[in-house]
Structures are given as C-alpha cells and as structure tokens.
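Below is one structure, written out as structure tokens, with a few remarks after it.
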Amino acid sequence: MRLGFAVKVLGEGGLPSHDTRRWQSAPHLRHSIEAMHAVLGYLERHDIRMYRMTASLAPYATHPDLPAFHAQVDEALYELAGLGAHARALGIRLSTHPGQYVVLNSEHAAVQEAAIRDLELQAALFDALGLGPEAVAVIHVGGGGRDRPAGLDRWVAGWERLSERARARLVVENDDRTYALPDVMELHRRTGVPVVFDVLHHECCDRDGIPVRAALALALRTWPSGVRPKVHYSTPREPGSRAHADEIDPLAFAAFLDAAAGLEFDVMLEAKAKDLALLRLRERLATPPARGDRRGRAAA
DNA sequence: CGATGTCAAGGAATC
DNA sequence: GATTCCTTGACATCG
C-alpha cells in the first residue's frame, strides 16, 4: 500500500508545486515541470511513492479568454515525457484532483463545457507524461443537490461528451453532503467510471448506513483489474466536522486499515500538514504507542 | 518588511 | 436577482 499527499510540500523548508504567477506574467507549464522534478527528488528522498499534482500544472491552460495559452501541452511535450520518465523511474503514482470549479454535471452549458475542457487537458497531460492507467483525475459529481437523480443524469450526459482518453483518466469520488457512495456507484454502473472512496466523506454522508468495510469493498470493485484502486483518508478537525485536521489520527487510521484487512489499495492522505502529516503518520505506525498512551506519542 | 486584498472559474444558502 | 460564504495559497499591493 502506498501513502500519498496532496500538492504542497512543506518539508525541507517548502518546495513550489507549480508556476503560480498571474496570467499577466505569462506563467508556463515548462516552469511547473521544473518544479515537479524538484518535488520528485523530495519524494524519493523520503520514500514517498504517491503524490497529487496540482490541477493547475499548466497555468490558465483552459482559460477561455487566453487562447494563446491553449498550446502549453504541445509546447512542452518533450519536457513532459522527461518528467513522466522520472516519475516512472521512481515508481511514484501521480494523480490530480480538479477543484470546485470543474463541474461536469452543471446545469449551465458553459460551465459543463469548461469542465470538459479541463478534463481533456488533464488527460492530455497524463498521456504526454506517458503514465500508466493508475494516473487518474479525481472529481466530485457536482451540484444540484435538490434533485439528485437529475444531477446524476446530467453527469452521465457530460461523461458521454468526453473523449475516450479523458474517460480513461476520470474517476469519481463520493462527497460529504450530496452524492454519497450509492450515488457514485450508480455512475459506475451507468458509465464504468471507477470510484474513489473517501472515508471521511462516507462518515459525513451515509444515508444508508453502509459499514465502512462494505462501502470500501464496493468502491474497490469498480476499478479495472490490474489497476490498483485508491482511497482518500483524512481526520476531521473535530469529531463530526467536515474540515480536515492538521494531521492524521494514527489510531483511527490503524483501525481503518484493520477494517480493510485483505483488501488492496493506495491511500491519498488529506491533511493540512501535507507531507509532514504523512511522515509523522508513518513514524507513529512504525512505533506503536505504549499501552494506555492514548495520544500516541513516540517514546521520548 | 509585514499586513492585507485579490485571484478565472461554481454552488448553496440567504435575502 | 444579488450578496456572502465556502476554502486555499500565494501573488500583488499598500502602508
């Protein structure tokens, strides 16, 4: 099982994840690729084999008012191939997670159009990187919580408008208030899209009371054979909260792994302390707390 | 230099 | 129909 973290590197004084300059400064994918080589070096030094890239690796690449930027992937094909080779050589699984503005099931045609553009770009990036089928772009179902069935229909309609290669890179995640596991399982039945199981979201939004192991097993079976599924794991800031804590609670995580015994998957950790949370969790799992020490402090 | 406002983008809740 | 929050980090600007 691989453990990964999202985007921002805090260790070693912090590393940039991509070219974050404003569009007026002409940011470019090439600069992001340079930043990513440094991130891969960091991951290798710390034996981290899974990483969520920023969804903005190609800055403003899908901005409708900036046609000059559309060609970034084509302009950097050689550099992308080099970056992908670097990641493959290190055995690092890469993914992206386009944010709240990418809404494939939007009621507004222009918004759905923009989502399709973005997902096509993510797929073009993964293909140019030369990454295997484990490199995927994760999205939520989107909006329309008042009428969930209609929202699911719109999602399928959006999915049907994607190219084969974009479909091949797309996976869908259960969210924490609207589209729960049964909803994304329906999308899987209708389109074949694999499901990323988010453990905290399931705890927040589980109308049918599906036990975590059963829910996890359902989601894992949506992945093609030969492609290792992945799940999202985070600790709530307070019990019942939807916000992520700084770190991962090692006891809760160990209990989750216990419940998941025998199942195979990678885990993307979502914690505000990012890579530092991952390193600390790994340390704490390797050094179990003394009996009765509920805080899980390593022996001083 | 430190503090503060702003950023391409959507949706839900509120009025 | 318009406004505010959600949630996030870092650029950009101002004092």
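Read-outs: derived from the displayed coordinates by stated rules, not from any lab. Treat the numbers as computed from the prediction; the structure is a model and nothing was measured. Cβ placement follows ideal geometry from the backbone for every residue including glycine, while neighbour counts extend to all protein chains displayed.
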Filter the stretch A:245-269 for residues that are touching a Leu at 6+ places or on another chain (Cβ under 8 Å) and not hydrophobic (A, V, I, L, M, F, W, C); which is surrounded by the fewest Cβ atoms within 10 Å (Cβ to Cβ)? A:E264
For helices (runs of 4 or more DSSP H) lying entirely in the stretch A:21-125, having 3 or more residues that are touching a residue at least 12 places away in the same chain (Cβ under 8 Å) and surrounded by fewer than 18 Cβ atoms within 10 Å (Cβ to Cβ) picks out A:29-45, A:77-90
Kindly indicate whether A:E238 is surrounded by 14 or more Cβ atoms within 10 Å (Cβ to Cβ), outside any helix (DSSP H, G or I) and of a type outside the set (A, V, I, L, M). no
Quick one: would you say A:H18 is surrounded by 20 or more Cβ atoms within 10 Å (Cβ to Cβ), within 13 Å of DNA strand C (Cβ to nearest atom) and within 15 Å of A:A137 (Cβ to Cβ)? no
Scan of the stretch A:128-151 for residues that are touching a helix residue (DSSP H, G or I) at 6+ places or on another chain (Cβ under 6 Å), in a helix (DSSP H, G or I) and surrounded by fewer than 21 Cβ atoms within 10 Å (Cβ to Cβ), ordered by number: A:A128
Working only within the stretch A:188-244, note down all residues that are under 18 Å from A:R167 (Cα atoms) and β-branched (V, I, T). A:T191, A:V193, A:V195, A:V196, A:T222, A:V227
Of the residues in the stretch A:1-20, those that are closer than 18 Å to A:P98 by Cβ and in a strand (DSSP E or B) come to A:G4, A:F5, A:A6
Would you confirm whether or not the stretch A:46-67 contains a residue that is within 19 Å of the chain's Cα centre (by Cα), within 15 Å of DNA strand B (Cβ to nearest atom) and among the β-branched types (V, I, T)? yes
The residue that is farthest from DNA strand B (Cβ to nearest atom), considering only those in the stretch A:122-154 that are in contact with a strand residue (DSSP E or B) (Cβ under 8 Å, 6 or more places away or on another chain) and more than 23 Å from A:E75 (Cα to Cα), is A:E134
In the stretch A:166-181, which residue that is surrounded by 15 or more Cβ atoms within 10 Å (Cβ to Cβ) and of a type outside the set (A, V, I, L, M) is farthest from A:L220 (Cα to Cα)? A:T178
